[in-house]
Amino acid sequence: MSEEYKTVKREMNNESSSLSEKGWGLVYALVLVFLVVLIFIFYFITEAYR
Amino acid sequence: MSSLDWTVLFSTLLGIVGYGTWKTYKNKNIQTFIGGKEENWTTVGLSVMATQASAITFLSTPGLGYDSGLGFVQFYFGLPIALVVICAVFLPIYYKLNVLTAYEFLESRFNPQTRTLTAVLFLIQRGLAAGITIYAPSIILSTALGWNINLTNMLVGVLVIVYTVSGGTRAVSITHKWQMAVIFLGMFAAFFVLVGKIREHAGLMGAFDLAGAMSHMEVLSFKIDPTDKYTIWSGLTGGFFLALSYFGTDQSQVQRYLSGKSLKQSRMGLLFNGVLKIPMQFFILIIGVLLFVFYQFEKPPVYFDQNSVEQAKLKGFAPEFAAIEQSHARVFEKKKEQALQYIDAVRLSKNSEARILRAGLRASEAEVETLRDKTKELLGRAEVEVRSKETDYVFISFVMKYLPQGLIGLLLAVILSAAMSSTAGELNALGSTATVDIYKRWIKPEASEAHYLAASKWITVLWGGLALAFATFAYMVENLIEAVNILGSLFYGTILGIFLVAFFFKRINGRATFWAAAFSELVVVVLFMTTDVGYLWFNAVGCSLVIAGAVFLSAMGDRFNYFSD
């Protein structure tokens, strides 16, 4: 493990609680909610035409 | 094909290639030639999408929708989850280490040996796949349209080499953006023409009712059956690992999103794919389902690969085929009548009548299936070599027979643009990995920027030449596409295992990972040579063995003081 990598990991650990990273967490959650919504739509299509 | 179609086809292809080359030919810096680092999120997102969507996507996927309905979309359910993991875990490290290739990161995390092993595995696997990306659509286009296969290969291969070598990653990204614009335009045009043709017999809702009656509207399957290829479970788990492996560790994709001008732009480009990929695949499958409905009213051939049928007829099987075609015409007329009555019954809410007609439709469809099976059996008896699945010809047959002049040229431009976009992504990645991870790292570590730029261009030309040679001689290998898929499966699992250890097992070092990966690759190759295990399982076996082996060797390290830091 290089020193550069250790430094980068330390920086990332410090940044993980920043507002910007929390904002990205919200975006990720929205993408996953979108996936769930799509699966529900597909479920209704499947049932409607069964 | 009319002169208007040829004009649309060539002006579209040459226009995009010319624009990409003109915008980027002044690129004189190895960092931007390989890394790009100038794109906004829309370009990144479209470039990621264009690399993944090959010509086969637009030839085969409508055929899948036609043949078995919408279930294939489940294969993509794991993709958004994988992209979120990559955005949260992989991307920030790649950015902060300012790497040009994914394998460069492995040297920082582990050691030079692990980086080189992974880069070599990637080069073997992707080098072979690049030839197939050119060959697979060429064989279908040459069979369906009578084009010369070598000329089709050359058209795609040479154009791609020109702009990939001239402008590097930027040229690939810029051309990807316009190729995707043409692809979307062409697919929407095909959709609206298809809907227009179906409207002569049924509205869009009636078309979906009819498709549903014949089991083509089942999107989700909750069955727990390992032999069932597309279920929600296989899509969420298998699809997740496949997408994680492809998007997170395959340089042809990593290079695309690292071309973003900031971490934010790259993340947005990837998430754009996470949101759009499933609807896009669903839309292409819907085109296939509508083709299925269309061919309930317009008589399709018994077998879409007409070239193979003609060959068998010439070998003395014409009377047998004539008998099958006669039966097919009779069943088609019966089924068409049932379809029209069913649409009316549903529209007028005559439920009991609709139920009876539905059973009749399914029975008629089963008769058609039997006739298709008889055709396949005859082709086997005539010893006709069938090089692609029959359903690959469904969409291209429709395009050639039913689309108006001009649109045929546009749809062929869609297919060739898709072939070029995925080939460009692959050649760009092969050139970058061979330059950065092998040439610069081991052969000539100290040289000028200009030297590496020239080396990178020559290496890309070399890979392009190899891909073209492979595509040219590919017809000599039987079941070539499957052979390449098998080879891919031999390496993908090990590569993913190495990256998963790198990102998620902080205490495991390079030596343990390297030896676990070498052992895993050996076991996978031995299993492949000595057993009949289905090749898709090699991905899971390779990945699990690297992780388990690295954990084991790392634990041993405390005892032998070799595998620990």
Open item on the list: of a type in the set (A, V, I, L, M), at pLDDT 85 or above and within 24 Å of B:LYS23 (Cβ to Cβ): which single residue out of B:VAL158, B:VAL120 fits that description?
Closed with: B:VAL158
- [ ] Collect the residues in the stretch A:16-42 that are within 9 Å of chain B (Cβ to nearest Cβ) and aromatic (Phe, Trp, Tyr), keeping them in residue-number order.
- [x] A:TRP24, A:TYR28, A:PHE34, A:PHE42
Task: Residue that is in a loop (DSSP other than H, G, I, E, B) and more than 14 Å from chain A (Cβ to nearest Cβ), where the choices are B:GLU200, B:GLU218 - done: B:GLU200
Open item on the list: Quick test for you: out of B:LEU100, B:LEU83, B:LEU106, pick the one residue that is crowded, with 21+ Cβ neighbours inside 10 Å, part of a helix (DSSP H, G or I) and more than 9 Å from chain A (Cβ to nearest Cβ).
Closed with: B:LEU106
Task: helices (runs of 4 or more DSSP H) fully within the stretch B:348-447 counting 1 or more residues that are over 23 Å from the mean Cα position of the chain (by Cα), closer than 30 Å to B:LYS313 by Cα and free of Cβ contacts under 8 Å to residues at least 60 places away in the same chain - done: B:351-381, B:394-402
Task: Single residue of the stretch B:25-60 satisfying the filter (buried (at least 23 other Cβ atoms within 10 Å of the Cβ) and polar (S, T, N, Q)) that is farthest from the chain's Cα centre (by Cα) - done: B:THR43
- [ ] Inspect all residues belonging to the stretch B:324-337 and state whether any of them is surrounded by 19 or more Cβ atoms within 10 Å (Cβ to Cβ) and either closer than 30 Å to B:GLY248 by Cα or among the small types (Gly, Ala, Ser) (or both).
- [x] no
Open item on the list: If B:ARG126 meets every condition in (1) more than 14 Å from chain A (Cβ to nearest Cβ); (2) surrounded by 24 or more Cβ atoms within 10 Å (Cβ to Cβ) apart from one, which number is that one?
Closed with: (2)
- [ ] Identify the single condition in (1) more than 30 Å from B:VAL436 (Cβ to Cβ); (2) under 23 Å from the mean Cα position of the chain (by Cα) that B:GLN179 does not satisfy, given that it satisfies every other one.
- [x] (1)
TODO: Consider A:ILE45 carefully, then state whether it is more than 7 Å from chain B (Cβ to nearest Cβ), of a type in the set (Val, Ile, Thr) and in a helix (DSSP H, G or I).
DONE: no
- [ ] Evaluate the stretch B:167-177: report whether one residue or more is more than 30 Å from B:LEU490 (Cα to Cα), part of a helix (DSSP H, G or I) and among the hydroxyl-bearing types (Ser, Thr, Tyr).
- [x] yes
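Residues checked against (1) part of a loop (DSSP other than H, G, I, E, B); (2) more than 14 Å from chain A (Cβ to nearest Cβ):
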residue	(1), (2)
B:ARG507	yes, no
B:SER520	no, yes
B:TYR535	yes, yes
B:SER544	no, yes
B:MET556	no, yes
Open item on the list: Go through (1) farther than 30 Å from B:GLY542 by Cα; (2) crowded, with 17+ Cβ neighbours inside 10 Å; (3) at pLDDT 85 or above for B:ASP392 and report which single condition fails.
Closed with: (3)
Task: Matching option when the condition is buried (at least 18 other Cβ atoms within 10 Å of the Cβ) and farther than 30 Å from B:THR460 by Cα, among B:ALA211, B:ALA243, B:ALA189, B:ALA171 - done: B:ALA211
- [ ] Of the conditions (1) over 17 Å from B:ALA202 (Cα atoms); (2) at pLDDT below 90; (3) of a type in the set (Gly, Ala, Ser), B:SER349 clears all except one; give me its number.
- [x] (1)
Task: Residue in the stretch A:1-23 that is surrounded by the most Cβ atoms within 10 Å (Cβ to Cβ), counting only those that are in contact with a helix residue (DSSP H, G or I) (Cβ under 7 Å, 6 or more places away or on another chain) and not hydroxyl-bearing (Ser, Thr, Tyr) - done: A:VAL8
TODO: Please work out which one of (1) at pLDDT below 90; (2) over 25 Å from the mean Cα position of the chain (by Cα) is the condition B:PHE552 fails and give its number.
DONE: (1)
Task: Condition check for B:SER520: polar (S, T, N, Q) and without any contact (Cβ under 8 Å) to a residue 40 or more places away in the chain - done: yes
Task: Extreme residue, nearest to the chain's Cα centre (by Cα), among residues of the stretch B:514-542 that are over 16 Å from B:VAL120 (Cα atoms) and among the polar types (S, T, N, Q) - done: B:ASN539
Open item on the list: Would you confirm, using the coordinates I've provided, whether B:ILE224 is outside any helix (DSSP H, G or I), out of contact with any Leu (no Cβ under 7 Å at 6 or more places or on another chain) and of a type in the set (A, V, I, L, M)?
Closed with: yes
Open item on the list: Being closer than 30 Å to A:GLU15 by Cα and surrounded by fewer than 20 Cβ atoms within 10 Å (Cβ to Cβ) narrows it down to one residue among B:LEU263, B:LEU271; which is it?
Closed with: B:LEU263
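The values are calculated or read from the model by the stated rules, or taken from the named source; none is laboratory data. What you see is a predicted model, and the numbers here were worked out from it, not measured in a lab. We place every Cβ from the backbone using ideal geometry, glycine too, and count neighbours over all the protein chains shown.
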